[in-house]
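J.: One structure, as structure tokens, below. Some questions next.
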Amino acid sequence: MGTVVSIHVRGPRSEGAPVASLVGECLADLQWVDEVFSPYRPGSAVSRLRRGDLTVRQAAAIRPEIAEVIDLCQEATRRTGGAFSWLLPDDRGRLLIDPTGLVKGWAIARCVERLETLRGHAYCVNVGGDVAVGGVDGGVDGDRPWQIGLQDPRDPGRVAEVVAIRQGGVATSGTTARGAHLIDPSTGAWPARRGSVSVIGPSILWADVWATALFVGAPALADAALAQDAWEVIRL
């Protein structure tokens, strides 16, 4: 979906063929997710749904993952009190399916499932600035945490804060990289808001959802996110 992907694996045999094969599977799966869910690809299932070429039932029959993502999007809307939306208006006011606010975190989580099968290795998956880490390095570094830099939204060339994390996800939403692309579902307009919101927690999928919801939604929403064990919100 027009973003950059990197996968790092740390461990005593990280350059071996088994690790390379698994990383290759992750990259191929990310490419598949893009081909199915990107609204920017005319031939994707999501684009066909938006045009009316397919119904949701027909799309789910072809790709069961579509039904899974739609169910998760509906759950995300419920959990965030409507601050997260997967039905967004086009320039003619029509509500169109747009699961991209959840799909990136979901796709990273699919990579994590694969990488968790590694033994004696730690991993870091970065997709467009949303990061998931885990595993245990069997080398001399042991359980050393990953250092995740948060970009300063006022000075994109500067790291504003560093998060040390061994297991879980870090997701950030804002307008620094892509401009005004996030819509507040309560108004149907882009929020007149600067800065960024980062969410750190055990699930990259839900960190991604909450980062989007907290950027466009009311500040009180943070209470709902922080009420979950082991979650943290950083506003810059």
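All of the numbers you see were taken from the coordinates with simple rules; none came from a lab. Note that the structure is predicted; figures quoted are calculated from it, not measured. FYI the Cβ positions are ideal-geometry reconstructions off the backbone, even for glycines, and counts take in every protein chain you see.
J.: Rounded to a whole number of µm²/s, how large is the Stokes-Einstein D of region 1-64 at 20 °C and 1.002 mPa s, given Rh as the Kirkwood radius over C-alpha pairs?
T.: In µm²/s, the coefficient rounds to 155.
J.: Using alpha carbons only, how many degrees (0 to 90, rounded to 10) separate the axis of helix 17-37 from the longest principal axis of the chain?
T.: Here the helix axis deviates by roughly 10 degrees.
J.: A further question follows. Between region 45-79 and region 91-159, what's the alpha-carbon centroid distance in Å?
T.: So the separation of the two Cα centres works out to 23 Å.
J.: Compute a Gaussian network model of the chain, connecting alpha carbons closer than 10 Å, and tell me which residue from 77, 100, 117 fluctuates the most.
T.: Looking only at 77, 100, 117, the largest GNM fluctuation is found for 117.
J.: Check the cysteines of the chain one by one and keep only those with no other cysteine Cβ under 4.7 Å from their own.
T.: Cys with no partner Cβ under 4.7 Å: 73, 124.
J.: FRET efficiency for residue 92 and residue 167, Cβ-Cβ distance as r, R0 = 35 Å, nearest 0.05?
T.: For R0 = 35 Å, the calculated efficiency reads 0.20.
J.: By how many degrees, 0 to 90 and rounded to 10, does the Cα axis of helix 204-216 deviate from the longest principal axis of the chain?
T.: In the chain, helix 204-216 runs at an angle near 50 degrees to the longest axis.
J.: Okay, next question. Would you mind ranking 118, 236, 226 so that the residue whose beta carbon has the fewest other beta carbons within 10 Å leads the list?
T.: Sorted ascending by nearby Cβ count, the order is 226, 236, 118.
J.: What list do you get for 5, 209, 216 if you sort them by fewest beta carbons within 10 Å?
T.: 5, 216, 209
J.: Have a look at 212, 55, 80 and tell me which one the Gaussian network model of the chain (Cα, springs below 10 Å) gives the largest fluctuation.
T.: Looking only at 212, 55, 80, the biggest GNM fluctuation is shown by 55.
J.: Kindly provide the helix-only [θ] at 222 nm of the chain, computed as the sum of -39,500 (n - 2.57) over DSSP H runs of four or more divided by all residues, to the nearest 500 deg cm²/dmol?
T.: -11500 deg cm²/dmol
J.: Next question. On C-alpha positions alone, give me the angle between the axis of helix 64-79 and the longest principal axis of the chain, in degrees, nearest 10.
T.: 80 degrees
J.: Related question: In the Gaussian network model of the chain, springs joining C-alpha atoms below 10 Å, which of 92, 78, 144 carries the largest mean-square fluctuation?
T.: Of 92, 78, 144, the Gaussian network model singles out 92 as fluctuating most.
J.: Identify which of the listed values of Cα extents along the principal axes in Å was calculated from the structure shown: (1) 50, 40, 29; (2) 58, 40, 32; (3) 43, 40, 31.
T.: (2)
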